[in-house]
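Peer 1: One structure, pasted below without further comment.
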Amino acid sequence: MDYTDAVPYLENLTPTSLTEKEIASSGSSEAVQQILDQIDGTGRQLILVSSAESEMIGSDHRSLLEMKYPSVKFFPSNSLGENEWQGRERALAWLFDRFDDGRPADVEPGTVSIIGPTYGCFNSPSDLAELKRLVSGAGATVKHVYPFESKVEEVSGLKDSEVIVVMYREFGSELAARLGRPVLFAPFGLGETTEFLLALGDLTGNRGQAERFIAEEKRTTLKPLWDLWRGPQSEWFPTIRFGVAASGTYACGLERFLAGEMGMQCLFSHDSAEADNSLVRDEIMQKQPQFLFGRMPDKIYLAEIDAKARFIPAGFPGPIVRRALGTPFMGHSGAVWIIQEIVNALYDILFAFLPITRRQTGPAAPTVRMAWAPEANALLEQIVKKAPFISQISFGRELKQKAESHAAAKGLDTVTPEVLGQVS
């Protein structure tokens, strides 16, 4: 009766809505009958989905349908008690239970079905494109992308795939277990992607093709990553401190790749579905990562404390568009794209601290030289350590000049911790 995020996108599933006024004036029974009359003879079916409003008032749709409309399928969204990932998990399994044709599986060798990509999932188009590329490179064929590129009647064909790839760890595993086929998860970084390709090659009888593809990837797709690693910016990688607040798939994937493989320092990594936003905000304020992969709330937290961290979108909610295919996080292409973004931001940070000659409009301000209290020096050192490594010298010099000028303006002859706190 109302669309909810618990029901995934399907090509031939059309969500409609009945308003509270319609239900109150005519009753849900009459409204259901009107829709059944409209689709009679069209071959279409009606699925009734409970809304948050109907759940709050305790509408008993299931009993109504069992008594008067046994052909209508009912899906309780449980939108008041479950988050969107739990809802999608249950909805995918429910659709298979209701629309499976009941025949034994007829496995097609070398075929793969991908479960998971739907609207409302961050970066789905780009990560799906990379996942398809990896599957094909390993010598397999993508049979279904469910539900993003599927129809309801195709759900029963999922069990005919030789391998199932679950794209997100938040949902899809329950349906994959029902299918009774070997299951792989979409990979992040270098090691996971190599393991994914070899496992897929073994499961589909294409081990040799998978090994050849990996070798070719090193010569082509991964070549830019090797160039970046050998360049002067590689010395900065161990100094980079980053944090993540995103869905579990991206939070864990980024931590494993950037910290586990690239040697960067992960200050925190939070699953946004489970994290307390106030705690995330406190951690951002206390640790101030140089890079924050997150959502729009996290970008707001950075602005509130005037943090100098570079924000990289990594989850919803956020007023961003992620429909291009060239911004993956997953697989080999994702590894290259993420490192490219970080390196570009590092050079941008460096540029921000370059000395700029400004045209003088009046007499130059006199140079201020002033004593520093030992406690102020210690505090200055602590503050500078939080700045990106490549800019610490320039940042420290600039902050010192500000503190001395501020102290002189107040008529002081010594920089104290209080003075430094007022300008930092």
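Coordinate-derived values only; no laboratory data. Note that this is a predicted model, so its numbers are computed, not measured. Quick reminder, even Gly has a Cβ in these numbers, built from the backbone with ideal geometry, and neighbours come from all protein chains shown.
Peer 1: So the label point goes 7 Å from the Cα of GLU375 along Cα→C-beta, right? Which residues of the range 394-424 then have their backbone N under 13 Å from it?
Peer 2: Taking a point 7 Å out along Cα→Cβ of GLU375, the residues of the range 394-424 whose backbone N falls under 13 Å are 415-421.
Peer 1: Continuing with this model, one more query. What's the magnitude of the charge dipole for the range 176-263 around its Cα centre, counting Lys and Arg as +1 and Asp and Glu as -1 at the beta-carbon? Answer in Debye, nearest 20. Before the final figure, lay out each step's value.
Peer 2: Working: 10 positive and 10 negative charges, 37 e Å.
Here the size comes out at about 180 debye.
Peer 1: For the chain, how big is Rg over Rh, using alpha carbon atoms and the Kirkwood form of Rh?
Peer 2: Working: Rg = 27.9 Å, Rh = 25.3 Å.
Reported Rg/Rh (Cα atoms, Kirkwood Rh): 1.10.
Peer 1: Sort out for me the Cα centre separation of the range 256-335 from the range 118-195, rounded to whole Å.
Peer 2: The two parts, judged by their Cα centres, are 25 Å apart.
Peer 1: So, one more: Gaussian network model of the chain, Cα springs within a sub-10 Å range: biggest mean-square fluctuation belongs to which of GLU375, GLU108, GLU261?
Peer 2: Looking only at GLU375, GLU108, GLU261, the biggest GNM fluctuation is shown by GLU375.
Peer 1: Where does the Debye-calculated log10 I(q)/I(0) of the range 278-354 sit at q = 0.16, 0.18, 0.20, 0.27 Å⁻¹, using only Cα point scatterers of equal weight, no solvent?
Peer 2: The calculated log intensity ratios at q = 0.16, 0.18, 0.20, 0.27 Å⁻¹ are -0.68, -0.84, -0.99, -1.27.
Peer 1: Quick one: among GLY139, GLY326, GLY81, which has the greatest mean-square fluctuation in a GNM of the chain with alpha-carbon springs under 10 angstrom?
Peer 2: GLY81
Peer 1: Could you work out the relative contact order of the range 108-220? I mean the mean sequence separation of Cα pairs under 8 Å and 6+ apart, divided by the number of residues, in percent. Numbers along the way, then the final one.
Peer 2: Values: 174 pairs, mean separation 35.7, N = 113.
Contact order relative to length: 32 percent.
Peer 1: Compare the Cα positions of ALA210, TYR168, GLN265 along the charge dipole of the chain (+1 at Cβ of Lys, Arg; -1 at Cβ of Asp, Glu; about the Cα centre) and return the one farthest towards the positive end.
Peer 2: Working it through, the farthest residue towards the positive pole turns out to be GLN265.
Peer 1: Here's something else I'd like to know. With 10 angstrom as the radius, rank PHE185, PHE171 by how many other C-beta atoms surround their C-beta, starting from the fewest. Kindly include the intermediate steps, with their values, before the conclusion.
Peer 2: Numbers: PHE185 19, PHE171 25.
By the 10 Å Cβ count, ascending, the order reads PHE185, PHE171.
Peer 1: Sorted from largest down, what three extents in whole angstroms do the Cα atoms of the range 36-180 have along their principal axes?
Peer 2: 51, 32, 27
Peer 1: With +1 on each Lys and Arg Cβ and -1 on each Asp and Glu Cβ, how big is the dipole of the chain about its Cα centre, in debye rounded to the nearest 20?
Peer 2: Working: 42 positive and 55 negative charges, 382 e Å.
The calculation lands at about 1840 debye.
Peer 1: Looking at TYR119, GLY243, THR416, which one has the Cα that reaches farthest to the positive end of the dipole of the chain (charges on Cβ: Lys, Arg +1; Asp, Glu -1)?
Peer 2: THR416
Peer 1: Give, as a single signed number, the net charge of other residues whose beta carbon lies under 15 Å from the beta carbon of PRO417, with Lys and Arg counted +1 and Asp and Glu -1.
Peer 2: -1
Peer 1: Tell me, what is the percent relative contact order of the chain, built from C-alpha pairs under 8 Å that lie six or more residues apart? Display every interim value, and only then the final one.
Peer 2: Values: 642 pairs, mean separation 56.8, N = 424.
Relative contact order of the chain: 13 percent.
Peer 1: Oh, and also: Only bridges whose two residues both fall in the chain count here: according to DSSP, what percent of them are antiparallel, nearest 5?
Peer 2: Working: 0 of 32 bridges.
DSSP beta bridges in the chain are roughly 0 percent antiparallel.
Peer 1: So, by mean Cβ neighbours within 10 angstrom, what's the order for 158-170, 61-73 with the highest one leading?
Peer 2: Descending mean neighbour count gives 158-170, 61-73.
Peer 1: What aspartates and glutamates could a cross-link reach from LYS223, if we take a straight Cα to Cα line under 15 Å and drop same-chain neighbours fewer than 8 places away?
Peer 2: Straight-distance partners of LYS223: none at all.
Peer 1: Go ahead and estimate [θ] at 222 nm for the chain from helices alone: -39,500 (n - 2.57) per DSSP H run with n ≥ 4, summed, over the residue count, rounded to 500. Mind showing how you got there, number by number?
Peer 2: Values: 16 runs with 193 residues, N = 424.
Mean residue ellipticity at 222 nm (helix-derived): -14000 deg cm²/dmol.
Peer 1: How long are the three semi-axes of the equivalent ellipsoid for the range 108-220, computed from the Cα gyration tensor as the root of 5 times each eigenvalue, in whole Å, largest first? Before the final figure, lay out each step's value.
Peer 2: Numbers: eigenvalues 98, 53, 27 Å².
Square roots of five times the eigenvalues give 22, 16, 12 Å.
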